[in-house]
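K.L.:
Just dropping this structure here.
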Amino acid sequence: MSHFNLKSLIFYGVAIGSVVLLFKVVTAYGESNLKASPSIGGRYPIKAKNLPGCLQAEALVLEIQQSGIYLNGSLLPSKNHVDSDKVVRQKPSLTGKLNQQKLSMSGAISQLKSCHNQSISLQGIVEGNTLKGQIKLSSMPKVVDFIAQKEAAAQQTESKSH
């Protein structure tokens, strides 16, 4: 009695070949069509004329953390370098998404004393290391344009060590 039946060998050969072919097709599709979102995480000092309401009191930094297309962040006073990393990691007050180059974030402002717990929304477009967008504070009907340039990694590390 033979353990190698011709029909069984053909069946298993076709099954294994089909799996290998399917794996190659899926891999080729993924490599050609699926692309990771660009990395935009970091500190963005905000430059804007006529910031709405309570945001005028201090120079601001938008700190962003990214996981794929999902964003967490906080709007912080630029003077507060020491605690900013800890604050953003433990209690990010803004959440949002990155779709293509378009950023959308919203939430409450909890780190600014003058704006404590007011709602804010940010919309913008990321072009390289520049974020151009609009800020809207819930208590103000006016939408304000802003530009933010991402800080270099050396500046971020230096500011955290102070």
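The values are calculated or read from the model by the stated rules, or taken from the named source; none is laboratory data. As the structure is a computational prediction, the values presented were derived from the model and not from experiment. Every residue, glycine among them, receives a Cβ derived from its backbone with ideal geometry; neighbour counts consider all protein chains shown.
K.L.:
Can you tell me which residue among 46, 16 is among the hydrophobic types (A, V, I, L, M, F, W, C) and either at positive phi or outside the structural domain of residue 120 (by the TED database) (or both)?
P.N.:
16
K.L.:
Here's a check for you: in the stretch 143-162, which residue that is surrounded by 12 or more Cβ atoms within 10 Å (Cβ to Cβ) and at pLDDT below 80 is farthest from residue 62 (Cα to Cα)?
P.N.:
158
K.L.:
Inspect all residues belonging to the stretch 16-39 and state whether any of them is at pLDDT below 95, in contact with a Gly (Cβ under 8 Å, 6 or more places away or on another chain) and among the polar types (S, T, N, Q).
P.N.:
Yes.
K.L.:
Next question, about the same structure. Quick check: is even one residue across the stretch 60-67 touching a helix residue (DSSP H, G or I) at 6+ places or on another chain (Cβ under 6 Å), at pLDDT 75 or above and over 30 Å from residue 33 (Cα atoms)?
P.N.:
Yes - at least one qualifying residue is present in the stretch 60-67.
K.L.:
Another one. Do you know which of the residues in the stretch 1-37 that are exposed (fewer than 10 other Cβ atoms within 10 Å of the Cβ) and of a type in the set (D, E, K, R) is farthest from the chain's Cα centre (by Cα)?
P.N.:
Out of the qualifying residues, it is 7.
K.L.:
Separate question: Which condition from (1) touching a strand residue (DSSP E or B) at 6+ places or on another chain (Cβ under 9 Å); (2) without any contact (Cβ under 8 Å) to a residue 40 or more places away in the chain; (3) part of a helix (DSSP H, G or I) is the one that residue 29 breaks?
P.N.:
For residue 29, the failing item is (1).
K.L.:
Any chance you could count how many residues in the stretch 1-47 are of a type in the set (S, T, N, Q) and closer than 30 Å to residue 79 by Cβ?
P.N.:
1
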